[in-house]
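The values are calculated or read from the model by the stated rules, or taken from the named source; none is laboratory data. Model, not experiment: these values are computed from the prediction. Here the Cβ positions follow ideal geometry from the backbone for every residue, glycine too, while neighbour counts run over all protein chains shown. Note: accessible area is taken over every heavy atom of the protein model, side chains too, but ligands, DNA and RNA are not part of it. Shrake-Rupley method; radii C 1.70, N 1.55, O 1.52, S 1.80 Å.
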Amino acid sequence: MFDDFEVHRIDIGGVALYARIGGSGPPVLLLHGYPQTHLMWHRVAPVLAREHTVVAADLRGYGDSGKPATSADHAEYGKRIMAAEQVALMAALGFDSFDAVGHDRGGRVVHRMCLDHDVVRRAAVLDIVPTRHMFATVDRDFGLAYYHWFFLAQDPDLPERLIGADPEYYVRRHLTLWSRVPDAFDEAAVEQYVRCFADPAAIRASCEDYRAAASIDLQHDDADAAAGHRVACPLLVLWGRRGFVGHQYDVAAIWREYAHDVRASDIDSGHFLAEEAPDETTAALAEFLR
């Protein structure tokens with residue numbers, strides 16, 4: 001898994017970020033979702049590395065990256081800080097501009113990165129619509145499917161204690177709930193997701209990620225919407241044909257309200273595109289990035 005990729009741990013403003021780097025060519029940053037790590041890209045990254053320098057990083061609070069303390073406004077896990085940190089990581093690796101691909105939480109970081117930094121040449125987001133739109137359209141189906149958005153955003157330490165009672169069950173159950181392809185996950189990858197997520201600091205950090213999404217992230221998103229700011233670079237939007245996002249939303253139409261140049265396509269999978277349909281997902285990304 002990730003053969004021929006080098007491991008890097010780079011200090012960015014006092015937070016050690018963990019990343020694997022491989023391949024050669026134009027740089028592309030891959031960011032993972034919840035409750036996973038950069039390993040979710042293990043079937044995609046080696047193929048992209050044939051034509052690109054691939055950086056697969058763990059977000060702060062996840063995987064083997066640092067898990068800093070937080071403050072009352074949850075800003076430390078807001079997407080503004082998480083995006084700036086990844087931009088600094090790429091700069092430290094020698095890349096002042098790059099392509100960026102994000103799944104789930106990583107997609108929200110990529111979205112913020114495109115709004116805040118003029119460094120992303122092309123961006124792709126997998127199986128999300130903007131956070132601001134989702135909170136504005138809450139209904140019964142959303143509440144049942146995305147229950148964890150509200151559970152994780154509760155005040156400390158309610159979700160931390162409940163998840164911490166059996167983190168392995170929680171991770172495995174979360175993957176099962178959102179997948180639509182039997183046996184999609186490599187057990188070695190899942191074991192690493194569990195290892196990293198079982199750390200109480202990771203559970204706390206991931207809750208802070210969702211608390212930020214329900215507070216300071218919305219403030220930033222509302223300010224951008226009021227100012228008419230939209231994603232300027234070409235944006236590829238992919239979603240799972242069998243998942244909640246594809247059934248609930250007109251994904252392409254929504255993203256065209258938030259970006260100037262949108263290319264959109266569904267993938268025959270549930271939520272975890274890179275693991276449930278790696279060949280189709282990789283082909284779509286490779287064509288767009290090429």
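Taking +1 at the Cβ of each Lys and Arg and -1 at the Cβ of each Asp and Glu, which of 90, 53, 29 sits farthest along the dipole of the range 1-102 towards its positive end, judged by Cα position relative to the Cα centre?
Positive-most Cα among the choices belongs to 29.
Based on the Kirkwood radius over alpha-carbon pairs, what value in µm²/s does the Stokes-Einstein equation return for the translational diffusion coefficient of the range 3-49 at 25 °C and 0.890 mPa s? Can you show the working numbers first?
Working: Rh = 11.8 Å.
Once the numbers are plugged in, D ends up at 208 µm²/s.
For the range 16-121, just the Cα atoms, rotate onto the principal axes and tell me the three extents in Å, largest first.
44, 28, 22
With +1 on the Cβ of every Lys and Arg and -1 on the Cβ of every Asp and Glu, and nothing else charged, how large is the dipole of the range 1-136 about its Cα centre, in debye rounded to the nearest 20?
Numbers: 14 positive and 16 negative charges, 68 e Å.
The dipole magnitude comes to about 320 debye.
Calculated FRET efficiency, residue 118 and residue 214, Cβ-Cβ r, R0 41 Å, to nearest 0.05? Please report the intermediate quantities before stating the final value.
Values: r = 28 Å, r/R0 = 0.68.
The value I calculate is 0.90.
Got the relative contact order for the range 182-290 handy, in percent, Cα pairs under 8 Å and 6 or more residues apart?
That works out to 23 percent.
With the alpha-carbon atoms as the only input, what is the per residue convex hull volume for the range 76-127 in Å³?
Working: hull volume 3.2 nm³, N = 52.
In the range 76-127, the Cα convex hull volume per residue is 61 Å³.
Between residue 247 and residue 10, what is the label-point separation in nm under the 7 Å Cα-to-beta-carbon projection?
Rounded to a tenth, the inter-label distance reads 4.0 nm.
How much of the calculated P(r) for the range 130-212 lies past 19 Å, in percent of all Cα pairs? Provide the component values of the computation, followed by the final result.
On the way: 1521 of 3403 pairs.
Value for the range 130-212: 45 percent of Cα pairs lie more than 19 Å apart.
Using r as the Cβ-Cβ distance of residue 286 and residue 227, and R0 as 25 Å, what FRET efficiency do you calculate, to the nearest 0.05?
Details: r = 34 Å, r/R0 = 1.37.
FRET efficiency, residue 286 to residue 227: 0.15.
Which whole number in µm²/s is D for the range 149-290 by Stokes-Einstein, with the Kirkwood Rh taken over Cα pairs at 4 °C and 1.567 mPa s? Each step should come with its number before you reach the end.
Details: Rh = 17.4 Å.
Value of D from the Cα-based Kirkwood radius: 75 µm²/s.
Please give the residues of the range 234-257, grouped as numeric ranges, whose backbone N is less than 16 Å from a label point set 7 Å along the Cα-to-Cβ vector of residue 268.
239-243
What FRET efficiency comes out for the pair residue 137/residue 261, r = Cβ-Cβ distance, R0 = 25 Å, nearest 0.05?
On the way: r = 24 Å, r/R0 = 0.96.
Plugging the Cβ-Cβ distance into 1/(1 + (r/R0)^6) gives 0.55.
Kindly provide log₁₀ I(q)/I(0) values, in the same order as q = 0.14, 0.20, 0.29 Å⁻¹, from the Debye equation applied to equal alpha-carbon scatterers of the range 17-74.
The calculated log intensity ratios at q = 0.14, 0.20, 0.29 Å⁻¹ are -0.41, -0.70, -1.12.
Please report, to two decimal places, log10 I(q)/I(0) for the range 100-154 at q = 0.19, 0.20, 0.24, 0.27 Å⁻¹ as given by the Debye formula with identical point scatterers on the Cα atoms and no solvent.
Values, matching the q order: -0.72, -0.77, -0.96, -1.08.
Work out the P(r) tail for the range 190-244: percent of alpha carbon pairs separated by more than 12 Å, whole number.
On the way: 1150 of 1485 pairs.
Tail fraction, whole percent: 77.
Using a 1.4 Å probe over the heavy atoms of the protein chains, calculate the carbon and sulfur portion of the accessible area of the chain as a whole percent.
On the way: 5590 of 11310 Å².
The nonpolar share, carbon plus sulfur, comes to 49 percent.
Can you give the calculated 222 nm mean residue ellipticity of the chain, where each DSSP H run of n ≥ 4 adds -39,500 (n - 2.57) and the sum is split over every residue, rounded to the nearest 500 deg cm²/dmol?
My calculation for the chain gives -12500 deg cm²/dmol from helical runs alone.
With a probe of 1.4 Å, find how much accessible area the range 1-144 has per residue, and write the answer as a whole number in Å².
Values: 4840 Å² over 144 residues.
About 34 Å² of surface per residue is accessible.
May I ask you to derive the relative contact order of the chain, considering only C-alpha pairs under 8 Å and at least 6 residues apart, and to give it as an integer percent? Could you put the intermediate results ahead of the total?
On the way: 543 pairs, mean separation 58.0, N = 290.
For the chain, the relative contact order is 20 percent.
Normalised by the empirical 2.2 N^0.38 Å for globular proteins, what value does the Cα Rg of the range 82-175 take?
Details: Rg = 16.4 Å, N = 94, 2.2 N^0.38 = 12.4 Å.
The value comes to 1.32.
Where the eigenvalues come from the Cα gyration tensor of the chain, what are the semi-axes √(5λ) of the equivalent ellipsoid, largest first, in whole Å? Walk me through the numbers on the way to the answer.
Values: eigenvalues 114, 98, 86 Å².
Taking √(5λ) for each eigenvalue gives 24, 22, 21 Å, largest first.
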